[in-house]
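Below is one structure, written out as structure tokens; the observations come after it.
Quick note: the coordinates plus some simple rules give every number you see, no bench work behind them. If you're wondering where the values come from, they're calculated on a predicted model, not measured in any experiment. Methodologically, a virtual Cβ is constructed for each residue, glycine included, from the backbone with ideal geometry; neighbour enumeration extends over all protein chains shown.
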Amino acid sequence: MDACFPLPVDPLDGCEPRPRAHLLATLRRIDGWGPLAWREVLGAWRLGAAVLLLEEPEAGTGGGEAGDSQADATLVIEHGLGEDDADATADWVQRQAIACLWDLPALAPLSPQTIRPGSTVRATNACFALPPAADGTPRLCLRARLALPFTGMCIDPAPLRRLAAAAETFAASLARPGPALRRHRLCVRRSRALRAALPLHGLCAFLASGSLIARTADGAPLPGARPLTVPPRLRRTIDLGPLGRVAGLGIPLGVTALAGAPYHGKSTLLRAVLAGADDHPPGDGRELVVADLSAAPLQAEDGRRVKDQDVSGFFPALPGQDPLRFTSARSSGATGMAATVLQAVAAGCRLLLVDEDTAASNFLVLDQPMRRLLGAAADGTTTLLECLPALARRGVSAVVVAGSSAAAFPCADRVLLLESWRLRDATRAARSLSGARHGGCALPIPGRHLVDQPDRLLGPRHFLQVDTREPERPRLLLPHGIEAVDLRRCGWDLDPALARGAAQAAAWCCRLAAGGCDLDELRSRWARHACQHGAPGLDPFHTGFAALPPWQLVVAVLERLSVPAMTCRPPVLPPAPAAP
């Protein structure tokens with residue numbers, strides 16, 4: 001492996017675990033000592049089927065300087081759960097660790113910090129598979145950051161003794177798979193099989209009948225929400241072979257408009273489609289809601305950064321700007337959204353999700369009276385709705401929420417109407433009201449290129465420090481200073497782990513681009529890198545907690561930072577040296 005791409009380190013590499021009895025004796029000895037005595041417990045300790053590794057946090061990663069009263073705890077467990085469905089297994093084990101280990105009342109003084117899985121099943125570096133032990137036994141790595149407790153100014157070792165006992169018990173509980181883990185694995189397996197079947201059935205998304213798609217602010221099912229019902233005319237059934245048959249709403253490739261009065265479920269259905277790019281655990285209510293993995297939400301982002309973007313396909317003339325190379329530190333809602341569309345498609349997006357409530361209305365549609373009023377200023381301007389049919393012919397589908405204007409109907413292949421959360425096909429009625437179908441305006445999609453130094457974000461190190469106390473505005477410590485990336489209106493639901501993972505992935509993509517790379521090629525390179533190293537590859541030295549992000553979110557970070565440089569033109573390579 002090239003030195004620029006270090007393998008994720010094995011936490012126990014070079015460590016010789018000491019016996020549990022030695023740990024307990026050390027804790028008894030330092031009881032009541034001053035803070036520096038906590039260093040006596042640093043190192044690896046054998047706890048039955050597990051090894052507990054305690055280390056000082058890396059300076060500058062949120063754990064303070066050496067001698068601070070925090071420790072990074074890594075629990076490496078030799079388990080009997082098998083190596084199948086590694087992501088699902090790690091997610092289930094992390095959920096069990098939260099309930100049966102880190103959240104134990106007896107461990108409250110340690111204030112364990114880790115990733116707390118929610119309504120999605122994501123690969124993270126808080127719990128992941130390690131290479132098997134020497135005898136072939138599968139291993140899992142669990143990580144948390146601990147506060148080392150004091151009574152007054154004296155060490156209180158009792159909580160750490162309780163952690164050792166709880167960790168040994170938890171490791172022993174993973175000796176064999178039980179029914180709960182089998183359900184978890186089956187749930188993720190069915191979700192992925194259903195998503196893989198979408199292209200075979202000409203679909204870009206699927207929502208199973210009975211799904212609970214209405215959510216609370218924290219992502220839980222909304223109490224009392226009506227399960228999704230699909231009328232026979234819209235119902236599709238997909239046979240997953242040994243995994244069973246699934247009936248529900250299939251959203252075909254092409255352009256789909258969701259119509260309805262306010263609060264009847266349009267935006268909720270759209271958000272469910274976006275959530276379908278993730279897997280969900282049993283009991284979430286969206287276990288069989290799936291969508292194309294490349295789905296990208298589109299929103300107006302008044303003030304977003306745009307770097308050297310050709311927007312001439314939408315706006316052939318812009319006052320004071322060259323539309324072929326539009327650059328702005330604070331773009332308007334319309335130009336910013338246009339850049340988002342073009343960048344998403346250039347990065348491989350095959351499903352655009354648009355809600356008129358959060359879109360730039362003057363970018364979605366310009367009616368004829370407004371065009372006449374604007375006169376020459378609007379000449380040649382093409383709206384997004386006018387381009388959707390042509391994009392669909394190129395393999396980029398769209399789902400559009402339309403509740404105040406019928407402008408989307410002539411551009412849509414089908415119109416679904418929601419009335420009190422109930423679906424019906426309203427395509428024929430919509431056509432009778434809106435007239436003939438719009439053939440669509442051709443939209444050139446200029447390629448995007450990352451053209452910058454490989455270490456533009458990482459610098460000389462192999463990890464990126466990211467402050468995610470405000471996940472929608474993560475602050476990155478870059479070689480040229482601290483920079484916040486504004487993701488508040490990028491359309492993604494962000495938590496600290498996902499925001500950190502997206503920033504770290506963007507940094508690694510700079511190295512993968514090797515100074516200059518087309519975004520489509522970079523997507524392939526990143527997919528190979530992520531498949532090989534998983535979430536631990538985001539932070540090879542395990543300095544913080546991160547989740548593996550979707551590719552389109554990584555692109556959103558790359559495009560919104562001041563660096564790396566992005567362009568619509570391939571880099572100009574220096575001439576090859578003359579042959580001697």
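For the chain, the longest principal axis of the alpha carbon atoms and the long axis of helix 86-97 meet at an angle near 60°. Each peptide in 188-199, 492-503 was scored by the mean count of other Cβ atoms within 10 Å over its residues; highest first, the order is 492-503, 188-199.
I need the calculated FRET efficiency for the pair SER420 and CYS531, taking r as the beta carbon distance and R₀ as 60 Å, to the nearest 0.05.
On the way: r = 44 Å, r/R0 = 0.73.
Efficiency computed from Cβ-Cβ geometry: 0.85.
Taking a ≥ b ≥ c as the square roots of the eigenvalues of the Cα gyration tensor, region 449-567 is classed as rounded, since a/c falls below 1.5.
What net charge do the residues around VAL306 carry, taking every other residue with its C-beta under 11 Å from that of VAL306, with Lys and Arg at +1 and Asp and Glu at -1?
Values: positive: ARG304, ARG305, LYS307, ARG325, ARG330, ARG560; negative: GLU301, ASP308, ASP310, GLU559.
Local net charge: +2.
Give me the number: length gained by fully extending HIS22 to ASP135, i.e. 0.36 nm times residue separation minus the C-alpha to C-alpha distance, one decimal in nm.
Working: separation 113, 0.36 × 113 = 40.68 nm, distance 2.54 nm.
Residue separation times 0.36 nm, minus the Cα-Cα distance, leaves 38.1 nm.
Each Lys and Arg adds +1 at its Cβ and each Asp and Glu adds -1 at its Cβ; summed about the Cα centre, region 20-177 shows a dipole of about 420 debye.
Using Cα atoms only, what is the angle between the long axis of helix 496-513 and the major principal axis of the chain, expressed in degrees (0 to 90) to the nearest 10? Between the helix axis and the principal axis of the chain, the angle is about 80 degrees.
From the Cα gyration tensor of region 315-368, with a ≥ b ≥ c the square roots of its eigenvalues, which class applies: rounded if a/c is under 1.5, or else prolate if a/b is larger than b/c, or else oblate? Intermediate results must be reported in sequence, preceding the final value.
Details: a/c = 1.84, a/b = 1.18, b/c = 1.56.
Cα axes put region 315-368 in the oblate bin.
Computed about its Cα centre, the charge dipole of region 180-301 is approximately 460 debye, with only Lys, Arg, Asp and Glu carrying charge at their Cβ. Averaging 1/r over every pair of different alpha carbons in region 377-515 and inverting the result gives a Kirkwood radius of 19.0 Å. By other beta-carbon atoms within 10 Å, ranking SER432, SER294, SER397 with the fewest at the front produces SER432, SER294, SER397. Using only side-chain charges placed at the Cβ, +1 for Lys and Arg and -1 for Asp and Glu, the dipole size of the chain relative to its Cα centre rounds to 1720 debye. Of the residues LEU391, GLN343, PRO460, the one whose Cα sits farthest towards the positive end of the charge dipole of the chain is LEU391 (charges of +1 on Lys and Arg Cβ, -1 on Asp and Glu Cβ, taken about the Cα centre).
Report note on the peptides 147-153, 122-128, 231-237: ranked by the mean count of other C-beta atoms within 10 Å, highest first, their order is 122-128, 147-153, 231-237. In this structure, ASP379 and PHE150 have a Cβ-Cβ separation that, at R0 = 60 Å, corresponds to a calculated FRET efficiency of about 0.25.
How would you rank 243-253, 257-267, highest first, on the average number of other Cβ atoms within 10 Å across their residues? All intermediate terms of the calculation are to be shown ahead of the outcome.
Details: 243-253: 18.3, 257-267: 20.0.
Peptide ranking by packing, descending: 257-267, 243-253.
Across the options GLN368, PRO474, LEU130, the greatest Cα extent toward the positive end of the charge dipole of the chain (unit charges at beta carbon of Lys, Arg, Asp, Glu) belongs to GLN368.
By count of other Cβ within 10 Å, fewest leading, how are HIS184, HIS462 ordered? Show your work: numbers first, answer last.
Details: HIS184 23, HIS462 18.
The most exposed by this proxy come first: HIS462, HIS184.
Where both bridge residues fall in the chain, DSSP classifies roughly 75% of the beta bridges as antiparallel. Projecting the Cα atoms of HIS79, LEU42, SER119 onto the charge dipole of region 22-162 (Cβ charges, centred on the Cα centre) puts LEU42 farthest toward the positive pole. In the calculated pair distance distribution of region 20-177, what percentage of Cα-Cα distances lie above 19 Å? For region 20-177, the fraction of Cα-Cα distances above 19 Å is 53 percent.
Here r is the Cβ-Cβ distance between ALA565 and ARG371 and R0 is 30 Å; the resulting FRET efficiency, rounded to 0.05, is 0.25. Electrostatic tally near PRO138: other residues with Cβ closer than 15 Å to its Cβ, Lys and Arg +1, Asp and Glu -1, net -4. The C-alpha atoms of the chain define a longest principal axis, and helix 333-346 lies at about 70 degrees to it.
The simple spin-label model puts a point 7 Å past each Cα toward its Cβ; for ARG226 and LEU200 those points are separated by 3.3 nm.
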